[in-house]
Amino acid sequence: MLPYSDLLRSAVAGVLTGKERSEVYSKARTALVQRLQEARLSPRDITRERLSLEEGIRQIETEAKARLRENERGAAQVLH
C-alpha cells in the first residue's frame, strides 16, 4: 500500500484552500477508522494506522505552507 502522504497528495491535488484540505482529511480519518474496524484490527493496530495518517497530513500541510510562502515571495518580487 502507498504511504498515506502519497494517497493524500493525490486526494488534495488542485485543492486550494486549507479549509478544503481539512475536509478531505476529515473524510480520510473517518474512512480509515471505519475500514480498520471492519477489518477487526486490534486497537493498537488502529492507533498505529491513525498516527501514520496524521503524519501524512502533517507532511502534506508542511508542503502546502512551503508552496504558499514561495508564491508570496514570488508575488512580492513581481511588485518590486
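None of the figures in this text is laboratory data; all of them are computed from the coordinates on show. Quick caveat: nothing in here was measured; it's all calculated off a predicted structure. FYI the Cβ positions are ideal-geometry reconstructions off the backbone, even for glycines, and counts take in every protein chain you see.
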Toy charge model, Lys and Arg Cβ at +1, Asp and Glu Cβ at -1: the range 4-79 dipole around Cα centroid in debye, rounded to 20, equals 120 debye
Using Cα springs under 10 Å in a Gaussian network model of the chain, which residue among L36, L68, L51 shows the largest mean-square fluctuation? L68
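How high is the relative contact order of the chain, given as a whole-number percent (alpha carbon pairs under 8 Å, six or more residues apart)?
Numbers: 29 pairs, mean separation 35.0, N = 80.
In percent, rounded to a whole number, it is 44.
How many Å³ per residue does the convex hull of the Cα positions in the chain occupy?
Dividing the Cα hull volume of the chain by its residue count gives 81 Å³.
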